[in-house]
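One structure is given below, encoded as structure tokens.
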Amino acid sequence: ALDERRPPLMLSPEWRENDDTHRAARRLEESDFPALPAKVGIAVDAGPTPLLGDAAADFRIERDDTGALLVRCEGRAMGTRVESAEAAADLVVKLCRWFMESGGGQARRMGRHRAPLPAWARQDAAPTAPCQALALGAHPLGAVVGLSLGRVEAASLRALVTPFEDCRLRVTPWRRLLVTGADAGRLPALFGVITEPGDPRLSMDACPGAPFCEQASVDTRAMAARLARHQASSLHVSGCAKGCARSRPAAVCLTGRGGRFDVLINDRADGEPAARGLTEPDVLDYLEKLGALHL
Ligand code: SF4
């Protein structure tokens, strides 16, 4: 289905009032887009530090190594250099129109669309390499906190911002929030809010699981919570082999099947299980014996 709404914009969480990221986003919000496949999105990452290079998007506004702005399509290594934030936004809209006119509706995502780019979308600039996710703790704009499995109770969120005047929440692609105007030294201790960089919950991924997804037969989040006190370099609990929450391999990956778990080691959810059909206690026994929780 095509989506008549404006495509979602993902902004660098470090944007500032009237900088290039902000100005490009405002221009995009005022622009007329064609109807696009529902998942098509735009990343606006025009700050001095590139942050969104690993986040999913179809069209990107970025910078090259010289600091010049460029517009790049997902799946293409090079982009088109532009003179201003407004020109970047206009080029993104033009590329969205080309995407639909050249059959992108069938491909559904720019990264899968194999049509050659039009001549006016020159391939003359490569983006500079993205930086790591924002570190937890103090940030020039406030403070960064993590959210356990990317969720937080509304009451905890309210309590998080209550001590600070004029603070705002910025959502990031890394299950972390940038709380602008907050003081990292005065953050309250709250259920589900992570403030310590070494917290094992930062290396856990879990999809919604049962009962939230009809493909799932296991409670992924309860299982992840049970394993949270153990230390694994990465843990993925997936309701099925589709692995929506993590596409990369994890040191320990559990996938649900028929109400039980398959266990995969250093693998993705769709890989070859090392053990199959385990109950929750069996999983814990298996991993303890294997020493896998210390991988
Ligand atoms: S991995 Fe499977 S169970 Fe989990 S959200 Fe995706 S489809 Fe649903």
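The values are calculated or read from the model by the stated rules, or taken from the named source; none is laboratory data. Bear in mind that the values here come from a model prediction, so they are computed numbers and not experimental data. Positions of Cβ are backbone-derived with ideal geometry, glycine not excepted, and every protein chain shown enters the neighbour counts. Heads up: the accessible areas ignore ligands, DNA and RNA and are worked out on the full protein's heavy atoms, side chains in. Shrake-Rupley method; radii C 1.70, N 1.55, O 1.52, S 1.80 Å.
Within the range 285-295, being closer than 22 Å to SER148 by Cβ and either of a type in the set (Asp, Glu) or open to solvent by 10 Å² or more (accessible area, probe 1.4 Å) (or both) holds for HIS294, LEU295.
Looking only at the range 199-215, residues that are open to solvent by 20 Å² or more (accessible area, probe 1.4 Å) and within 14 Å of the ligand (Cβ to nearest atom) come to 7 in all. The criterion of at least 3 residues that are touching a residue at least 60 places away in the same chain (Cβ under 8 Å) and open to solvent by less than 80 Å² (accessible area, probe 1.4 Å) is met by the following strands (runs of 3 or more DSSP E) wholly inside the range 1-91: 59-63. Only residues that are more than 11 Å from the ligand (Cβ to nearest atom) and either closer than 15 Å to LEU278 by Cα or β-branched (Val, Ile, Thr) (or both) were counted across the range 228-252, and they come to 1.
Looking only at residues that are touching a helix residue (DSSP H, G or I) at 6+ places or on another chain (Cβ under 8 Å) and over 25 Å from ALA245 (Cβ atoms) in the range 106-116, which one is surrounded by the fewest Cβ atoms within 10 Å (Cβ to Cβ)?
Our first condition is that a residue be touching a helix residue (DSSP H, G or I) at 6+ places or on another chain (Cβ under 8 Å); within the range 106-116, this holds for 110, 113-115.
Right, trim to over 25 Å from ALA245 (Cβ atoms) and you get 113-115.
Details: HIS113: 21, ARG114: 8, ALA115: 12.
Result: ARG114.
Among the residues of the range 225-262, those that are within 15 Å of GLY291 (Cα to Cα) and among the hydroxyl-bearing types (Ser, Thr, Tyr) comprise SER233, SER234.
Note on the range 168-198: residues that are outside any loop (DSSP other than H, G, I, E, B) and open to solvent by 50 Å² or more (accessible area, probe 1.4 Å) amount to 5. Put simply, of LEU264, LEU227 the only residue that is touching a residue at least 60 places away in the same chain (Cβ under 8 Å), of a type in the set (A, V, I, L, M, F, W, C) and buried (at least 17 other Cβ atoms within 10 Å of the Cβ) is LEU227. Give me the pairs: first residue in the range 232-253 and free of Cβ contacts under 8 Å to residues at least 24 places away in the same chain, second residue within 7 Å of the ligand (Cβ to nearest atom) and open to solvent by less than 40 Å² (accessible area, probe 1.4 Å), beta-carbon distance under 9 Å, and six or more apart or on different chains, which are they? Listed pairs, sorted by first residue: SER247/ALA269; CYS253/SER238; CYS253/GLY243; CYS253/ALA269.
If the condition is being over 25 Å from the mean Cα position of the chain (by Cα) and not small (Gly, Ala, Ser), then the range 101-123 contributes GLU101, PRO116, LEU117, PRO118, TRP120, ARG122, GLN123.
Look through ASP270, ASP262, ASP282 and report the one residue that is among the acidic types (Asp, Glu), touching a strand residue (DSSP E or B) at 6+ places or on another chain (Cβ under 6 Å) and farther than 17 Å from SER148 by Cβ. Residue meeting the stated conditions: ASP262.
Just one residue in the set VAL152, VAL144, VAL171 is β-branched (Val, Ile, Thr), under 19 Å from ARG221 (Cα atoms) and not assigned by TED's automatic domain parsing to the domain that holds ARG16; that residue is VAL152.
Only one of the numbered conditions (1) open to solvent by 40 Å² or more (accessible area, probe 1.4 Å); (2) away from the ligand (no atom under 16 Å from the Cβ); (3) part of a helix (DSSP H, G or I) is not met by GLU165, and that is (3). Within the range 132-160, the residues that satisfy the criterion of being out of contact with any helix residue (DSSP H, G or I) (no Cβ under 9 Å at 6 or more places or on another chain), surrounded by 14 or more Cβ atoms within 10 Å (Cβ to Cβ) and in a loop (DSSP other than H, G, I, E, B) are ALA133, LEU134, LEU141.
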